[in-house]
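Heads up, the thing below is written out as structure tokens.
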Amino acid sequence: MGRLNVTLCGIELDNPVIPASGTFGYGHEFAEFYDINVLGSFSCKGTTLAPRFGNETPRIAEAPAGMINAVGLQNPGVDAVIAEELPRLAQCFHKPILANVSGFSMEEYAAVCQKLDSQPQVGWLEVNISCPNVHGGGMSFGTDPAQAAAVTRAVKAVTAKPVIMKLSPNVTDIVAVAKACEEAGADAISLINTLMAMRIDLKTRRPVLANTTGGLSGPAVFPVALRMVWQVARSISIPVVGLGGVSSAEDVIEMMLAGATAVEIGAANLVDPCICKRIIEELPEVMDRYGIDNLRDIIGGAN
Amino acid sequence: MKQSYFTVVENTPLTDTVVRMRLRGDTSAITRPGQFVNIRLEGRFLRRPISVCDVEGDVLTLIYKVVGGGTEQMRQMPVGTQLDLLTGLGNGYDLTEAGPNPLVIGGGVGVPPMYWLTKQLVAAGCKVTAVLGFNNGSEIFYVDEFRALGAEVIVATVDGSVGVKGFVTNALAGLDYSYFYTCGPEPMLKAVYRAAEGEGQLSFEKRMGCGFGACMGCSCRTITGNKRICKEGPVLRKEEIQWDD
């Protein structure tokens, strides 16, 4: 194994760098900028059972050191993902991906996961119970430990692939939600999704986003995400995938010291399309600077 | 699409709020008028999308309006500033359907992308009529530059201080044209859509996240399905447009 290799739920990654869902489409936009096979893996755009247009626009607002989005899970639906997006992805990416799944009911989560379970390109199912931008679904499953556990069980019942439950930071006690998922059979936890936020336009005196509120991401949220990864990682025994504002090789190492086995990079991809490639290239030099021989040795090192 | 560094070689005010910036760099990814670039600014998280006004060799011309903190920061930039640009974004205008005498219609900051389009249409042998709309005489820019390209230019101002009084649509009556191309604020696009005869292409503006198709921040519905303004747009054909209201 090389210096950057890590193992996530039994699948070996060349490095821990994984573009986060919703910031990397289905991969091919980025393949125009670089060979995306340098990535450890990537998490595809959140997929639901039926096609969704998502929220009305504006869906994007700027924030100090970050951005707020309220896209609302726009996606072509799982059948189109399987019929069109995955074959297109196969032309530019040859490693297992995290298939990110969203839903508005237990049945929908299970149905989407069941369809994706048969896809050889899918290495892990990342189940999003934390989208702050849709109503009657998404985050409501991730704010109650009992509901989070129920979604976990529903998904585990229909798939043999490792299940990563993606948690919301918009809760009082994220450790309780993580533990509930672990007890229900989750293979890993990823966190954090975005923090609920909003902006108001001073000229119109109205919210900037058509959805009124959205999710804050970017460097602004990194210390919050790091704290939650640290809290969760020391409280459970399954792996943690850390994300939230990660923008540099140093941030990746910090997340891993907090307890992350792998690290997702989100908003940074949207402003710097080559950032994941650059982070992977810079990691060995930054590891040298801090006396790190192998990344897998530092996971949870601060705990 | 390409990410590369450009150097500011000119940053000249054209009016109180409109500025022309020229940059030198690798323009090879910019293939069509109507495309845009996305500019990274120090201290701002999101890039600023600006339409391409002209490309001559390795010199890129942008004309932008100062509307907020980001564009104000651009106005202050001295010659020699290095900027990180994503270039070759968006589909741009399709010139193949222009016919012998196309009409180009630009309003306000929708005027700049019509300049390179007009230049290419003239070079292709078209007889171009350009209708350029502004709020008032003090906001007019680039009329002489369009005339220098060989276009017949009609100016419209909302306050009537120069040219036809009213909106660009008030200047369309009686014009004979084979096809139309337009860019401007959405109310103007809607008015042109209703007033202009025949087929044409309209360029839209929307608040964007990434500018290259990854975030789904700027999606719109069309007759032919959902489109990303930054990727399958910003130029849409008249027949595929589906207005939200």
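The values are calculated or read from the model by the stated rules, or taken from the named source; none is laboratory data. Nothing here was measured: the structure is a model prediction, and the numbers come from that model. Counting neighbours? That spans all protein chains shown, and the Cβs are built from the backbone with ideal geometry, glycine included. Heavy atoms of the whole protein, side chains included, go into the accessibility calculation; ligands, DNA and RNA do not. Shrake-Rupley method; radii C 1.70, N 1.55, O 1.52, S 1.80 Å.
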**Prompt:** Within the stretch A:175-196, what residues put their amide N at less than 15 Å from the label point 7 Å along the Cα-to-Cβ vector of A:Arg227?
**Reply:** A:175, A:192, A:195-196
**Request:** Send over a whole-number figure in Å² for the accessible area per residue of the protein assembly as shown, probe 1.4 Å.
**Result:** 37
**Request:** Would you look at the GNM of chain B, springs on alpha carbons closer than 10 Å, and say which of B:Val55, B:Val104, B:Val131 moves the most?
**Result:** B:Val55
**Message:** For a quick check, take a GNM of chain B with Cα springs below 10 Å and name the residue from B:Gln76, B:Gln120, B:Gln35 with the largest mean-square fluctuation.
**Reply:** B:Gln76
**Fill in**
For the stretch A:38-69 the residues that are at least 50 Å² less accessible with all protein chains than alone, 1.4 Å probe, are A:Phe53, A:Thr57, A:Ile60, A:Glu62
**Fill in**
Mean other chain Cβ within 10 Å across B:215-224 is 6
**Fill in**
Taking every DSSP bridge whose two residues both lie in the stretch B:173-238, the antiparallel percent to the nearest 5 is 65
**Message:** How large is the translational diffusion coefficient of chain B in µm² per second when you combine the Kirkwood radius over alpha carbon pairs with Stokes-Einstein at 4 °C and 1.567 mPa s?
**Reply:** 72
**Prompt:** Do any of A:Lys45/A:Lys277; B:Lys206/B:Lys238; A:Lys203/B:Lys206; B:Lys65/B:Lys127 go past 27 Å between their Cα atoms, and which?
**Reply:** B:Lys65/B:Lys127
**Item:** D_trans [Stokes-Einstein, Kirkwood Rh over alpha-carbon pairs] for the stretch A:135-231, 20 °C, 1.002 mPa s, µm² s⁻¹
**Value:** 146
**Item:** Distance cut-off 12 Å, percentage of C-alpha pairs in the stretch A:14-59 lying past it
**Value:** 68
**Message:** Checking buried surface per residue: for the stretch B:45-67, which residues lose a minimum of 40 Å² accessible area in the protein assembly relative to the chain alone (1.4 Å probe)?
**Reply:** B:Phe45, B:Leu46
**Message:** Let me make sure I get this right: for the stretch A:28-134, a, b and c are the square roots of the gyration tensor eigenvalues over alpha carbons, sorted descending. Under 1.5 in a/c it's rounded, otherwise prolate if a/b > b/c, else oblate. Which is it?
**Reply:** oblate
**Prompt:** What are the semi-axes of the equivalent ellipsoid of the stretch B:95-203, taken as the square roots of 5 times the eigenvalues of the Cα gyration tensor, listed largest first and rounded to whole Å?
**Reply:** 20, 16, 12
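Dividing the alpha-carbon Rg of the protein assembly as shown by 2.2 N^0.38 Å yields what?
Scaled against compact globular proteins, the figure is 1.03.
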**Request:** Pop the C-beta distance of B:Ala173 and A:Thr213 into the FRET formula with R0 = 45 Å and round what comes out to the nearest 0.05.
**Result:** 0.45
**Fill in**
Eigenvalues of the alpha-carbon gyration tensor of the stretch B:2-89, times 5 and square-rooted, give semi-axes in Å, largest first, of 18, 14, 12
**Asked** How high is the relative contact order of the stretch B:95-203, given as a whole-number percent (alpha carbon pairs under 8 Å, six or more residues apart)?
**Response** 30
**Message:** Net charge within 10 Å of B:Asp26 by Cβ-Cβ distance, Lys/Arg positive one each and Asp/Glu negative one each, not counting B:Asp26 itself?
**Reply:** +1
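Indicate the gyration tensor shape class of chain A (rounded, prolate or oblate), computed on the Cα atoms with a ≥ b ≥ c the square roots of the eigenvalues: a/c under 1.5 is rounded; otherwise a/b larger than b/c is prolate and the rest oblate.
Working: a/c = 1.25, a/b = 1.14, b/c = 1.09.
Judged from the Cα gyration tensor, chain A comes out rounded (a/c under 1.5).
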**Request:** Return one number: the angle in degrees, 0 to 90 and rounded to the nearest 10, between the long axis of the Cα atoms of helix B:186-195 and the longest principal axis of the Cα atoms of chain B.
**Result:** 20
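What is the antiparallel percent of DSSP beta bridges lying wholly in chain B, to the nearest 5?
65
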**Item:** Taking the stretch A:244-303 and dividing mean pair separation by its residue count, relative contact order in percent (alpha carbons under 8 Å, at least six apart)
**Value:** 48
**Prompt:** Rounded to a whole number, what % of the accessible area of chain A do carbon and sulfur atoms account for, probe 1.4 Å?
**Reply:** 52
**Asked** Using modelled amide H (1.01 Å from N, peptide plane; none on Pro or chain starts), what sits under 5 Å from the amide H of B:Gly166, excluding residues fewer than 5 places away?
**Response** B:Thr157, B:Val158, B:Asp159, B:Gly160
**Prompt:** What total accessible surface area, summed over both chains, is buried at the interface between chains A and B, computed with a 1.4 Å probe and given in Å² to the nearest 100?
**Reply:** 2600
**Rounded to 5, percent antiparallel among DSSP beta bridges of the protein assembly as shown** = 55
**Message:** I need the calculated FRET efficiency for the pair A:Met1 and A:Tyr34, taking r as the beta carbon distance and R₀ as 22 Å, to the nearest 0.05.
**Reply:** 0.40
**Asked** Taking Cα atoms, how many degrees apart are the long axis of helix B:112-123 and the longest axis of chain B, rounded to 10 and kept between 0 and 90?
**Response** 60
**Request:** Among A:Gly244, A:Gly291, A:Gly46, determine the one that fluctuates most according to a GNM of chain A built with springs between C-alpha atoms less than 10 Å apart.
**Result:** A:Gly291
